[in-house]
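*Asks:* To start, I am sharing the structure in question, which I have written as structure tokens.
The values are calculated or read from the model by the stated rules, or taken from the named source; none is laboratory data. Note that the structure is predicted; figures quoted are calculated from it, not measured. Here the Cβ positions follow ideal geometry from the backbone for every residue, glycine too, while neighbour counts run over all protein chains shown. Side chains included, ligands, DNA and RNA excluded: accessible areas come from the protein's heavy atoms. Shrake-Rupley method; radii C 1.70, N 1.55, O 1.52, S 1.80 Å.
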Amino acid sequence: MNVIIVGCGKVGYTLAETLSNEGHDITVVDSNPQKLEGLANSLDVQCVNGNGASYRVLAEAGVAQCDLVIAATSGDEVNMLCCLIARKAGHCRTIARVRNPDYYEDLKFIQGDLGFSMAINPEYSAAIACYHLIRTPGAVDLDPFAKGRAQIITMDLPQNSSWVGRSLMEVSKVSTVPFLLSIIVRNKTVLIPDGSTVLHGGDRISLILDMKNMGTMMREIGIHTRPIKSVLIIGGDTMGYYLARKLTEAHIKVKIIEPDRARCMELSDLLPRATIINGVPTDERLLLEEGISSTDAVCALLKSDVENIMIAVFASKRSSAKVITRINKATFGGVVNELPIGSVITPKSLTAENIIRYVRTMRRPHLDSDIEYVYQLAGGKVEAVSFLIKSACRLTETAIRDLPIKKGILISAIIRQNSVIIPSGQDRILPKDEVIIVTTRCGISDLSEIFKQ
């Protein structure tokens, strides 16, 4: 496909890199020639210098022959105007990044009546991811499928867990909960395990299971949690506001520390059920006075990655709270994974993930299946993809054990109506099923790609 990306920031770069690697023809538009020069030196993409909200610039970028325009600049108004012009000039599909809460309530109107194919709100998506982690205290990461009925839950295996030293086959036999262990991250190495794989204390494991069995699974693994009733949020910008609003609606006690006094006044009006504190977020004495040692969860959501990491490390050492850390630069991933900062949320990566899923869905008309979800796991080395089986096809003709599936691909779960099936070799996939695969072969957009030639 021909894709124009307007905006060469972190989101734009991630999208250009991923979509270029997946074989799409990419043109990037930005008004900063230095950014474009850096992009052109590292990626196989076309670059156009100019204002992406200008018809002339979009025409130069090839909007008339374009399949999709993604507007991902830092300005919501620029993104929306860019998409409107692209729709008129190129009759192509459009995706706009829209961040301002004032526009959030109007997203349905923006997406429908203005003809946008998708409107993405990075801060809201990240806040919802934080909220789900808070509601599942033992999880390091959560990726929902089938509207939350199934989850890939990532957690750290305790050193004293009864699973340690046992093979996956042994664990599966004694567990009272159906599950599939799809990924192990051990000493920076990603493993797709089989039945003989022995589990080690400290392994970061990703399980697929029915959401209703989450509590039982945690107890079997040896992760003991309690419901989170109080949350300390460090940073009251857009993401902090969205998270606080969601938490107070769930009757969870919320306290926000925000350095900007004017923003504190705004938050006091917007969040009457939250406690708003004006102060320096990295002041250790202030953090202790405001209860960082006794709160159930700490969310470091400032715009500064360094400050977020400092606060998260301090919280991990001074309390037993669940810690969630906002990291804005995805390139920090290899460093922060070794630090005691709890769960990491990267809004820009979540945005790119959502857009990539949409692009894969529209790559070509799928005869037998549609992509429902795409998640990048283990630092982008593994993907979990779910497909809705639309009709009878090669996948539905035989038992799973007899399917000629490529190495590095695991059929991990089947959602059939309201049931989550952890498949065995004799199970069959049926039309209307949602099928979840986990794979090290990133970029799969159709189920036909999982088969050997």
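*Asks:* Apply the Karplus parameterisation 6.51 cos²θ - 1.76 cosθ + 1.60, with θ equal to phi minus 60°, to every residue of the stretch 192-208 and state each ³J(HN,Hα) to the nearest whole Hz, in sequence, with x for glycine and proline.
*Replies:* Whole-Hz 3J(HN,Hα) from phi for the stretch 192-208: 9, x, 10, x, 8, 5, 8, 8, 10, x, x, 4, 9, 10, 10, 10, 10.
*Asks:* Out of all DSSP beta bridges with both ends in the chain, state the antiparallel percent to the nearest 5.
*Replies:* Percent antiparallel among DSSP bridges in the chain is about 55.
*Asks:* If the viscosity is 0.890 mPa s and the temperature 25 °C, what Stokes-Einstein diffusion coefficient in µm²/s follows for the stretch 49-111 when Rh is the Kirkwood radius over Cα pairs?
*Replies:* Result for D is 209 µm²/s.
*Asks:* Is the stretch 168-262 best put as rounded, prolate or oblate by its Cα gyration tensor, with a ≥ b ≥ c the root eigenvalues, rounded for a/c under 1.5, and otherwise prolate when a/b is larger than b/c, oblate when not?
*Replies:* Note, shape of the stretch 168-262 comes out prolate.
*Asks:* Another question, if that's okay. Rounded, prolate or oblate: pick one for the stretch 135-183, where a ≥ b ≥ c are the square roots of the eigenvalues of its C-alpha gyration tensor, a/c under 1.5 means rounded, and failing that, prolate if a/b is larger than b/c, else oblate.
*Replies:* oblate
*Asks:* Kindly flag which residue pairs out of LYS229/LYS255; LYS188/LYS381; LYS229/LYS253; LYS147/LYS229 have an alpha-carbon separation exceeding 18 Å in this structure.
*Replies:* Those over the limit are LYS147/LYS229.
*Asks:* Ok, one more. Restricting attention to the stretch 29-111, which GluC sites (Glu not before Pro) occupy a DSSP loop and are surrounded by at most 13 other Cβ atoms within 10 Å?
*Replies:* Taking the stretch 29-111 and a limit of 13 other Cβ atoms within 10 Å, the loop GluC sites (Glu not before Pro) found are GLU105.
*Asks:* Gap in Å between the Cα centre of the stretch 32-54 and the Cα centre of the stretch 265-319?
*Replies:* Measuring centre to centre over Cα atoms gives 38 Å.
*Asks:* Rounded to the nearest angstrom and ordered from largest down, what semi-axes does the equivalent ellipsoid of the stretch 303-453 get from its C-alpha gyration tensor (root of 5λ)? Kindly include the intermediate steps, with their values, before the conclusion.
*Replies:* Values: eigenvalues 268, 56, 35 Å².
So the equivalent ellipsoid measures 37, 17, 13 Å along its semi-axes.
*Asks:* Are there GluC sites (Glu not before Pro) in the stretch 350-453 that DSSP puts in a loop and that have at most 14 other Cβ atoms within 10 Å, and which ones?
*Replies:* For GluC sites (Glu not before Pro) across the stretch 350-453 that sit outside H, G, I, E and B with at most 14 neighbouring Cβ atoms in 10 Å, the list reads GLU397.
*Asks:* Would you please state the base-10 log of I(q)/I(0) at q = 0.11, 0.13 1/Å for the chain, with intensities from the Debye formula using one equal scatterer on every alpha carbon?
*Replies:* Cα-only, vacuum Debye calculation for the chain: -0.96, -1.29.
*Asks:* Which distance in Å, rounded to a whole number, links the C-alpha centroids of the stretch 157-228 and the stretch 380-435?
*Replies:* So the two Cα centres are separated by 22 Å.
*Asks:* Count the net charge of all other residues whose Cβ sits under 14 Å from the Cβ of VAL28, scoring Lys and Arg as +1 and Asp and Glu as -1.
*Replies:* Summing Lys and Arg as +1 and Asp and Glu as -1 gives -4.
*Asks:* Leaving out same-chain residues fewer than 8 places away, which aspartates and glutamates sit with a Cα under 16 Å from that of LYS88?
*Replies:* Correct list for LYS88: GLU60, ASP67, ASP113.
*Asks:* Please identify the DSSP H helices in the chain that span no less than 15 Å along the helix axis (Cα) and have a mean Kyte-Doolittle hydropathy of 0.0 or more.
*Replies:* 76-90, 122-135, 305-318
*Asks:* Another one. So for the stretch 1-61, what are the equivalent ellipsoid semi-axes in whole Å, largest first, each being the square root of 5 times an eigenvalue of the Cα gyration tensor?
*Replies:* 17, 13, 9
*Asks:* Between VAL140 and residues 5 or more places away or on another chain, which pairs have amide H atoms under 5 Å apart, with H built 1.01 Å from N, and which residues are they?
*Replies:* It is THR154, MET155, ASP156, by chain and number.
*Asks:* Then there is this: Taking a 1.4 Å probe, which of HIS91, HIS24 shows the most accessible area, and what order do the others take after it?
*Replies:* Accessible-area ranking of HIS91, HIS24, largest first: HIS91, HIS24.
*Asks:* For every helix of n ≥ 4 consecutive DSSP H residues, a contribution of -39,500 (n - 2.57) applies; sum these over the chain, divide by its total residues, and give [θ] at 222 nm rounded to the nearest 500 deg cm²/dmol.
*Replies:* -9500 deg cm²/dmol
*Asks:* Over the alpha carbons of the stretch 56-155, what is the largest minus smallest coordinate on each principal axis, giving the biggest first in Å?
*Replies:* Principal extents (largest minus smallest coordinate, Cα): 52, 28, 22 Å.
*Asks:* Bins of 5 Å, beginning at zero and ending with the bin holding the largest distance: percent of Cα pairs per bin for the stretch 394-444, please.
*Replies:* 5, 19, 31, 27, 15, 4
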